[in-house]
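Notes for the one structure printed next.
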Amino acid sequence: MTSFQKRVFSGVQPTGTLHLGNYLGAIKNFVELQKEYECIYCVVDQHAITVEQNPNELRSNTLEVLASFIAAGVDYKEQIIFQQSSVAEHSQLAWVFNCVSRIGWLNRMTQFKDKAGKNRENVSVGLMVYPNLMAADILAYLATHVPVGDDQKQHLELSRDIAQKFNNDFKVDFFPLPEPLIYGNATRVMSLRDGTKKMSKSDASELSRILLTDSDDDISSKIRKAKSDSDLIPEDKDQLQNKPECLNLINILSACLDQSIEKTLAGYAGKEYSKLKNDLADTLIQVVGPVRKKILNLLDNKDELNKILQVGSEKASTIAGPIIKEVYKIVGFK
Ligand code: AQP
């Protein structure tokens, strides 16, 4: 069994301004992981076009995601941050994986089912084969660990299946089986309007999400308007199972304070929602405010951001290039 160098890969789609779910479920962890791992973080614009995008908005969202990574504390000098479409190896490996992966596997992906809905015959082929490209993103670097929110766990399992099948089909021990790194309380931050749906960039309601660029007033107002009920806050965690919106608010506060749900709940049991909402809004202003200021500052110098992406792409190609050459040899292209 080959022992692979520990390496982290993760990506974020430039499909809009990032929200609290992206921050607590992904980027905040990206920052922690740099202490222990070599990290490669990618703005996955090729994933973004699996649904329709406005080209100018896609370009500006790409810089905004990069700015969000840096503002949150990702060290672009020590680590690699880059744009997926600038490194051709992702598409090259994705094609090989399209031929390794099975249609039956893709048919089981719940995100595809959710996103395609009743429109299944009319969505892009890209939306269906998205997990194959995700496997290529990770395995083009022989990455061993992938920090993701809970929503991406199934896709990561598919990446492992693809790596395993490739190794078996070609009788090699070439790809590692990448492992998810899913931490903390905020593995799934839910919509502020519906506690059963995840907070998402593509939700039609602006009130459903806190953006990393929201002003302090926006944050307060969105939290004040967050869906709740007229009961008092329950005493124990089990009672929260039937109150998804309350659970979500407690969960977000716990993640921001880096403490357990039980500890947060103990401070609000039997109290009214207004107290929880006021404290949550204050806490979020402390967490999001400094990130917002840095994002806006960074976006004032787009040339610098483009340079960072350029350097990142060169560093990424240096790693992925020889790996794809090896893959091409294994499959018989060379
Ligand atoms: N609500 C969430 N809670 C916790 N983690 C989340 N992530 C996304 N939403 C939540 C994590 O953020 C990373 C980047 O996600 P993405 O932008 O690449 O794709 P996504 O999961 O499809 O995010 P959105 O916001 O729902 O985007 P749209 O609406 O464009 O599809 C991933 O690690 C993800 O787990």
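How many angstrom separate the Cα center of segment 19-89 from the Cα center of segment 92-116?
Measuring centre to centre over Cα atoms gives 22 Å.
Let me know the Rg and Dmax you get for the chain when you use only its Cα atoms, in Å.
20.6, 69
Stokes-Einstein D for segment 206-296 at 4 °C, 1.567 mPa s, Kirkwood Rh over Cα pairs, in µm²/s?
Values: Rh = 13.5 Å.
In µm²/s, the coefficient is 96.
In debye, nearest 20, what is the charge dipole magnitude of the chain about its Cα centre with +1 on Lys and Arg Cβ and -1 on Asp and Glu Cβ, if you could check?
Around 620 debye, computed over the chain.
For each of E52, E206, count neighbouring Cβ atoms within 10 Å of the residue's Cβ, then give the residues from fewest to most.
Least crowded to most crowded, the residues run E52, E206.
Compute the angle between helix 89-98 and the longest alpha-carbon principal axis of the chain, please, reported from 0 to 90 degrees and rounded to the nearest 10.
Helix 89-98 and the main axis of the chain meet at about 90 degrees.
For segment 220-285 and segment 143-213, write down the distance between their C-alpha centroids in whole Å.
25 Å
Give me the net charge for the shell around L192: Cβ to Cβ below 13 angstrom, other residues only, Lys and Arg +1, Asp and Glu -1. Walk me through the intermediate numbers first.
Details: positive: R193, K197, K198, R209, K222, R224, K225, K227, K277; negative: D194, D203, E206, D214, D218, E245.
Overall, the nearby charge balance is +3.
Show me, for segment 48-64, the HN-Hα J-couplings you get by feeding each phi into the Karplus relation (A = 6.51, B = -1.76, C = 1.60, θ = phi - 60°), rounded to Hz, glycine and proline as x.
So the Karplus estimates, Gly and Pro as x, are 4, 7, 5, 10, 4, 10, 7, x, 5, 5, 4, 4, 6, 5, 4, 5, 5 Hz.
When the Karplus curve 6.51 cos²θ - 1.76 cosθ + 1.60 is applied with θ = phi - 60°, which whole-Hz ³J(HN,Hα) does each residue of segment 2-14 get, with x for Gly and Pro?
5, 9, 8, 5, 5, 8, 9, 10, 7, x, 9, 7, x
What list do you get for E326, E245 if you sort them by fewest beta carbons within 10 Å? Don't skip to the answer; put the middle values down first.
Details: E326 14, E245 20.
Listing E326, E245 from fewest to most nearby Cβ atoms yields E326, E245.
Below 14 angstrom from the Cβ of S85, what's the summed charge of the other residues (Lys, Arg +1; Asp, Glu -1)?
Counting the neighbours of S85, the net charge comes to -2.
Check which residues have an amide H placed less than 5 Å from Q83's amide H, if you skip close sequence neighbours.
Residues meeting the amide H criterion: V43, S313.
How much net charge surrounds D150 when only other residues with a Cβ under 11 Å from its Cβ are counted (Lys, Arg +1; Asp, Glu -1)?
Overall, the nearby charge balance is +2.
Quick one: putting +1 on the C-beta of Lys and Arg, -1 on the C-beta of Asp and Glu, what dipole do you get for segment 206-296 around its Cα centre, in Debye to the nearest 20?
With only Lys, Arg, Asp and Glu charged at Cβ, the dipole is about 300 debye.
Taking only pairs that are 8 or more places apart or on different chains, how many Lys pairs in segment 206-296 have Cα atoms under 13 angstrom apart?
Number of lysine pairs found: 5.
We did not get these values from a lab; they are worked out from the coordinates using the rules stated. Predicted model, so just to flag it, every value in this text is computed and none were measured. Backbone-built Cβ (ideal geometry, glycine too); neighbour counts: all protein chains shown.
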